[in-house]
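Visitor: One structure, pasted below without further comment.
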Amino acid sequence: MTTQQIIAKARKEDRTLLTEIEAKELMKGAGISVVDTRLATTREEAIAISRKLGFPVVLKIASSDVVHKSDAGGVKLGLKTENEVGKACDDIMKAIKKAFPNAKIEGVSVQKMARPGVEVIIGMSQDAQFGPVLMFGLGGILVEILKDVSLRIVPLTRQDAKEMVREIKGLPLLQGYRGSEPVDIENLENMLLTVSDFVEKTPEIKELDLNPIFAYKDGAIAVDARVILNSVS
Ligand code: ADP
Ligand code: MG
């Protein structure tokens, strides 16, 4: 589906939160590399998709009523066998029904376990004064606790993107630290510019989060994507 088709479908269903699968499809269409992610509506389908993708896989709740999937017990990582996938499916359903008894559940998303990288985040939010603003930071506790992020107003210039990546305090983690390999920083700049272009062209989007992106010495890939649309009143 195209960006406009995905947005129209959500609007028709009166939702502002896109599912992870829809959000990844949007980002892929925009030129961002994302982990190939499929929807399974039954346990058997989850197992069949896992077999096709190849183990290990990740299962996540697919529901436009669940914003933070892992907080609700809705993410199971590193599943190595069909049995583990089946059990993860049951466990996710049980956890979500407990945490969100009224959630409309579409199924589970199935994706390959990505190889570990340095976790970074690209986010966009709308500012009342400045319009869309992009955020860059390192994933996990560095953003959540230390608020180690950089911000720029859309549209970004190449210079903005260069500065955003380099002005965070955690920069040494991207440049290679105590024997760890440096990541492809230019690729992260390109990702920022791509997201900037995309949000400029897509004013229907209120919030966007690629959290996390795994950055490698050669490229980077988003393993989660969240998109919230403006509400139309
Ligand atoms: P949440 O809705 O809680 O943000 P995520 O999809 O981000 O859920 O998953 C939680 C965490 O699981 C991520 O921060 C990441 O560390 C890990 N993770 C998610 N998807 C994958 C994947 N495909 N491969 C490897 N790790 C993943
Ligand atoms: Mg996430």
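Visitor: Answer with yes or no whether Val67 is assigned to a strand (DSSP E or B) and either at pLDDT 95 or above or open to solvent by 20 Å² or more (accessible area, probe 1.4 Å) (or both).
Guide: On the way: assigned to a strand (DSSP E or B): no; either at pLDDT 95 or above or open to solvent by 20 Å² or more (accessible area, probe 1.4 Å) (or both): yes.
No: the conditions fail for Val67.
Visitor: Residue check: is Pro212 away from ligand 2 (no atom under 16 Å from the Cβ) and either over 22 Å from Ala128 (Cα atoms) or not in a helix (DSSP H, G or I) (or both)? Steps first, please.
Guide: Details: away from ligand 2 (no atom under 16 Å from the Cβ): no; either over 22 Å from Ala128 (Cα atoms) or not in a helix (DSSP H, G or I) (or both): yes.
For Pro212, the condition - away from ligand 2 (no atom under 16 Å from the Cβ) and either over 22 Å from Ala128 (Cα atoms) or not in a helix (DSSP H, G or I) (or both) - is not met.
Visitor: Taking strands (runs of 3 or more DSSP E) that fall entirely within the range 93-169, which contain at least 3 residues that are at pLDDT 95 or above and touching a Ser or Thr at 6+ places or on another chain (Cβ under 7 Å)?
Guide: Working: elements: 107-112, 118-127, 131-138, 149-153.
Those strands (runs of 3 or more DSSP E) span 107-112, 131-138.
Visitor: Of the residues in the range 29-70, how many are free of Cβ contacts under 8 Å to residues at least 24 places away in the same chain and within 12 Å of ligand 1 (Cβ to nearest atom)?
Guide: At the first step, the residues of the range 29-70 found to be free of Cβ contacts under 8 Å to residues at least 24 places away in the same chain are 44, 48, 52, 68, 70.
The next check asks that each one be within 12 Å of ligand 1 (Cβ to nearest atom); those that pass are 68, 70.
Selection size over the range 29-70: 2.
Visitor: Is it true that some residue in the range 120-139 is of a type in the set (Phe, Trp, Tyr) and within 15 Å of the chain's Cα centre (by Cα)?
Guide: Just the residues of the range 120-139 that are of a type in the set (Phe, Trp, Tyr), to begin with: 130, 136.
Of the ones still in play, those that are also within 15 Å of the chain's Cα centre (by Cα) are 136.
Yes, the conditions are met somewhere in the range 120-139.
Visitor: Can you tell me how many residues within the range 70-92 are more than 16 Å from ligand 2 (Cβ to nearest atom) and assigned to a helix (DSSP H, G or I)?
Guide: Count: 10.
Residue-by-condition table, conditions (1) within 23 Å of His68 (Cβ to Cβ); (2) touching a strand residue (DSSP E or B) at 6+ places or on another chain (Cβ under 7 Å); (3) away from ligand 2 (no atom under 16 Å from the Cβ); (4) part of a loop (DSSP other than H, G, I, E, B):
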{"site": "Pro172", "(1), (2), (3), (4)": "no, no, yes, no"}
{"site": "Gly179", "(1), (2), (3), (4)": "no, no, yes, yes"}
{"site": "Leu188", "(1), (2), (3), (4)": "no, yes, yes, no"}
{"site": "Thr194", "(1), (2), (3), (4)": "no, no, yes, no"}
{"site": "Pro203", "(1), (2), (3), (4)": "no, no, yes, yes"}
{"site": "Glu207", "(1), (2), (3), (4)": "yes, yes, no, no"}
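Visitor: I've got another one for you. Within the range 194-208, is there a residue that is within 18 Å of the chain's Cα centre (by Cα) and within 16 Å of ligand 1 (Cβ to nearest atom)?
Guide: Yes, that holds for at least one residue.
Visitor: What is the one condition in (1) of a type in the set (Gly, Ala, Ser); (2) in contact (Cβ under 8 Å) with a residue 60 or more places away in the chain; (3) farther than 26 Å from Thr16 by Cβ; (4) out of contact with any helix residue (DSSP H, G or I) (no Cβ under 8 Å at 6 or more places or on another chain) that Gly179 does not satisfy?
Guide: For Gly179, the exception is condition (2).
The values are calculated or read from the model by the stated rules, or taken from the named source; none is laboratory data. Note that the coordinates shown come from a computational prediction; the quantities given were computed from them, not determined experimentally. Reconstructed Cβ throughout: ideal geometry from the backbone, glycine too, with neighbour counts over all protein chains shown. Ligands, DNA and RNA are excluded from the accessible area calculation, which covers all protein heavy atoms including side chains. Shrake-Rupley method; radii C 1.70, N 1.55, O 1.52, S 1.80 Å.
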